[in-house]
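Reading through the structure tokens given below for one structure.
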Amino acid sequence: MVLEEAIDVLESLDQSAIMEHFMDFLEAIRDPPVHKVEFTALYLHLDDTNEELIDQSDPVTFYFEDQDLVHTPVSLEREPDVYVTISPLTRPFACDHAFRDLIVHQLKCQIRDLYYMQASQPPREYQIDGVGIHDTKIESFERSTK
């Protein structure tokens with residue numbers, strides 16, 4: 001499963017790699033470009049063997065405008081391997097292992113939700129609390145960019 005492989009990749013990152021990949025993402029969460037933010041997303045691309053994080057999108061902010069959930073512009077050259085969504089943070093985070101662990105936790109929540117969507121019990125390491133797959137009516141990027 002790509003999500004599990006992405007977790008392994010993220011957990012192997014050292015401090016400088018965490019800052020390189022996620023500083024802009026954390027800054028967009030800390031200081032969003034719009035009001036009424038629901039969550040901020042980052043789309044990650046792994047290499048062909050899913051052993052290395054090679055690229056990511058710019059942060060994408062999802063927000064409410066006239067009661068509709070919309071997002072800031074994003075351009076994707078290819079479909080992401082995995083995506084991360086983080087709700088507005090209620091406590092300060094440094095761009096270090098703590099923030100990386102928050103991202104990993106969110107991916108574990110996504111795995112948990114995939115088990116639940118298939119009406120099965122997730123393994124113990126994924127029986128965790130937190131937001132996984134956001135249950136919102138988001139217009140797909142394919143439709144919104146045409």
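Worth a mention:
- For segment 104-143, the candidate set comprises residues that are open to solvent by less than 50 Å² (accessible area, probe 1.4 Å), part of a helix (DSSP H, G or I) and closer than 22 Å to Glu79 by Cβ; within that set, the residue that is modelled with the lowest pLDDT is Phe141.
- Pairs with Cβ under 6 Å, 6+ apart, first in segment 103-123 and among the basic types (Lys, Arg), second in a helix (DSSP H, G or I) and surrounded by 17 or more Cβ atoms within 10 Å (Cβ to Cβ): Lys108/Tyr126; Arg112/Tyr126
- Scanning segment 32-47 for any residue that is touching a Leu at 6+ places or on another chain (Cβ under 8 Å), assigned to a helix (DSSP H, G or I), within 25 Å of Pro123 (Cα to Cα) and at pLDDT 95 or above turns up nothing.
- Flag for Leu53 being under 13 Å from Leu3 (Cα atoms) and modelled with pLDDT of 90 or more: yes
- Meets criteria (at pLDDT below 90 and more than 29 Å from Asp14 (Cα to Cα)) for Tyr63: no
- Whichever residue in segment 1-42 is over 16 Å from the mean Cα position of the chain (by Cα) and hydroxyl-bearing (Ser, Thr, Tyr) and, among such residues, is farthest from His105 (Cα to Cα): Ser16
- Some residue of segment 88-96 being closer than 22 Å to Asn50 by Cβ and surrounded by 11 or more Cβ atoms within 10 Å (Cβ to Cβ): no
- Residue that is part of a loop (DSSP other than H, G, I, E, B) and open to solvent by 80 Å² or more (accessible area, probe 1.4 Å), where the choices are Asp8, Asp58, Asp24: Asp58
- Checking each residue in segment 61-103 for being of a type outside the set (Gly, Ala, Ser), over 13 Å from Phe25 (Cβ atoms) and not in a loop (DSSP other than H, G, I, E, B) picks out Phe62, Tyr63, Phe64, Glu65, Asp68, Leu69, Val70, His71, Val82, His97, Asp101.
The values are calculated or read from the model by the stated rules, or taken from the named source; none is laboratory data. Just so it is clear, the model here is predicted, and its values are computed rather than measured. A quick note on method: Cβ atoms are made from the backbone with ideal geometry, for glycine too, and the neighbour counts reach across all protein chains shown. We work out accessible area using only protein heavy atoms, side chains counted, and drop any ligands, DNA or RNA first. Shrake-Rupley method; radii C 1.70, N 1.55, O 1.52, S 1.80 Å.
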